[in-house]
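Novice: Below are the structure tokens for one structure; questions will follow.
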Amino acid sequence: MFVMQDLRFRILTLCIVPFLFSSGLVLLMAVISVQSQTSEAEQQLAETLLTHKTSDAALYLVTEDWVALAVILDQLAQATGMGRAEVISPDNRLVLASGKAPARRAEYSAVLQHEGLIIGRLSLIVNQAPSVAAMHALLIQILCVMTVMTIVMTFTVWQFGDFILVWLSLRLGREPAAPRSVVDATQAPSASTSIAIFSIRLDPPRLVPLTALKAAAGRHFGQLTELQPGDYEVHFRSADPAQQGLEFFEAMRPQLAAVPDLNIRMAYGIDLAEASQALGKRVKYLASLSQGALVLDEKTKTHLAHITQPAFETAPLSSSFASDLVLHTLTINPPV
């Protein structure tokens, strides 16, 4: 009996220790990945907003047009959802501000210049709470899975350790067949030199039909990434990413519209594959300008010119956040 108990303990150690070690590494990598993605998305949005408003803010500051400057600060504070925008003088005095600084904050700033002189600083303070909440939820989920798996493995080895020893000692009468390669019959179309990216921002995140959204992206050969709760990106790299992206939009738009009280903001962009990083930043900013319809820039509208679909309709979009850009909205006409 002592020998069997000792063997069971050794088997238990052999199974549990590598599992706990590998699970710890996976947990660490998952936390680092979530933190990196949320921080990068937050930084890209803040930098894009500041870049588009720095020149106007500098002009209004030097001309002391406080009403126009206050409008810019209000727009920046509203674009972040829950944040604060400030104009700081060169000697670090507060000139004008809008919004309320959140408890967990991250601050981004841009220098205000006029005729080569530094006249102040435009600062944007955003809330970090959603990313922290996402990491806490992920940690709890992984720890629960690890705990359940450890209990199951411990019980199995301790109760059936002798059967495991017998199974390990068996000698098969013939050599196992060589593995054969299996090719998936439903392969995605070949990659092209273009890429299409959807930016989808949904609020509140608890109402998001995430399973249906992932299924719609997968059916049209898209890769959906959750940057943070309520903030998603879908990448299309197929032979015709423009067509696949529009088909995805046509499939998922009614699903999202059917959810009551769900605030929808979307943008769509198409560019060369090597410019995917810049395209991702651009569609994130354009999504912040959406009022429910899909937002396109002029370059993307040109890419879609060859697609003739009577259900789609484009219209010009005017926004004070992007007065220097030519923007459009894309909507789906209901069937007659």
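Novice: Conditions: (1) of a type outside the set (Lys, Arg); (2) without any contact (Cβ under 8 Å) to a residue 24 or more places away in the chain; (3) surrounded by 15 or more Cβ atoms within 10 Å (Cβ to Cβ). Asp91 meets all but one. Number of the miss?
Specialist: Of (1) of a type outside the set (Lys, Arg); (2) without any contact (Cβ under 8 Å) to a residue 24 or more places away in the chain; (3) surrounded by 15 or more Cβ atoms within 10 Å (Cβ to Cβ), only one is false for Asp91: (3).
Novice: Evaluate the following for Val283: is it under 18 Å from the mean Cα position of the chain (by Cα), under 23 Å from Leu50 (Cβ atoms), part of a strand (DSSP E or B) and at pLDDT 85 or above?
Specialist: Numbers: under 18 Å from the mean Cα position of the chain (by Cα): yes; under 23 Å from Leu50 (Cβ atoms): yes; part of a strand (DSSP E or B): no; at pLDDT 85 or above: yes.
Taking the combined requirement at face value, the residue does not satisfy it.
Novice: Same structure again: Could we say that Val95 is assigned to a helix (DSSP H, G or I) and either modelled with pLDDT of 85 or more or not hydroxyl-bearing (Ser, Thr, Tyr) (or both) here? Walk me through it before giving the result.
Specialist: Numbers: assigned to a helix (DSSP H, G or I): no; either modelled with pLDDT of 85 or more or not hydroxyl-bearing (Ser, Thr, Tyr) (or both): yes.
No.
Novice: All but one of (1) among the β-branched types (Val, Ile, Thr); (2) loosely packed, with under 13 Cβ neighbours inside 10 Å; (3) in contact (Cβ under 8 Å) with a residue 60 or more places away in the chain hold for Thr302, so report the exception by its number.
Specialist: All conditions pass for Thr302, except number (3).
Novice: Let me ask another. Does Gln75 satisfy being touching a residue at least 24 places away in the same chain (Cβ under 8 Å) and either outside any helix (DSSP H, G or I) or within 30 Å of Gln141 (Cβ to Cβ) (or both)?
Specialist: Values: touching a residue at least 24 places away in the same chain (Cβ under 8 Å): yes; either outside any helix (DSSP H, G or I) or within 30 Å of Gln141 (Cβ to Cβ) (or both): no.
Here the answer is no, as Gln75 does not meet what is asked.
Novice: Looking only at the range 114-133, filter to residues that are modelled with pLDDT of 85 or more and loosely packed, with under 15 Cβ neighbours inside 10 Å; which one of those is farthest from Leu76 (Cα to Cα)?
Specialist: Within the range 114-133, the match that is farthest from Leu76 (Cα to Cα) is Leu117.
Novice: I've got another one for you. Might you check whether a residue that is of a type in the set (Gly, Ala, Ser), under 18 Å from the mean Cα position of the chain (by Cα) and either surrounded by fewer than 21 Cβ atoms within 10 Å (Cβ to Cβ) or part of a strand (DSSP E or B) (or both) occurs anywhere in the range 254-263? Please lay out each step first, then the result.
Specialist: Within the range 254-263, the first condition is being of a type in the set (Gly, Ala, Ser), and the residues that meet it are 257-258.
If we keep only those that are under 18 Å from the mean Cα position of the chain (by Cα) as well, we get none.
The answer is no, given that none of the residues of the range 254-263 is of a type in the set (Gly, Ala, Ser), under 18 Å from the mean Cα position of the chain (by Cα) and either surrounded by fewer than 21 Cβ atoms within 10 Å (Cβ to Cβ) or part of a strand (DSSP E or B) (or both).
Novice: Arg265 - would you say it is of a type in the set (D, E, K, R), in contact with a Lys or Arg (Cβ under 7 Å, 6 or more places away or on another chain) and not assigned by TED's automatic domain parsing to the domain that holds Glu42?
Specialist: Details: of a type in the set (D, E, K, R): yes; in contact with a Lys or Arg (Cβ under 7 Å, 6 or more places away or on another chain): yes; not assigned by TED's automatic domain parsing to the domain that holds Glu42: yes.
So Arg265 fits the description; yes.
Novice: Kindly provide the set of residues from the range 209-244 that are crowded, with 21+ Cβ neighbours inside 10 Å, in contact with a Lys or Arg (Cβ under 9 Å, 6 or more places away or on another chain) and among the aliphatic types (A, V, I, L, M), ordered by number.
Specialist: Scanning the range 209-244 gives a single hit, Leu227.
Novice: In the range 228-253, how many are free of Cβ contacts under 8 Å to residues at least 60 places away in the same chain and not polar (S, T, N, Q)? Quick ask: steps written out before the conclusion?
Specialist: Step one: list which residues in the range 228-253 are free of Cβ contacts under 8 Å to residues at least 60 places away in the same chain, which gives 232-241, 244-245, 247-248, 251-252.
Applying the additional criterion that residues be not polar (S, T, N, Q) yields 232-237, 239-241, 245, 247-248, 251-252.
So the answer is 14.
The values are calculated or read from the model by the stated rules, or taken from the named source; none is laboratory data. Keep in mind that what you see is a predicted model, and the values were worked out from it rather than measured. FYI the Cβ positions are ideal-geometry reconstructions off the backbone, even for glycines, and counts take in every protein chain you see.
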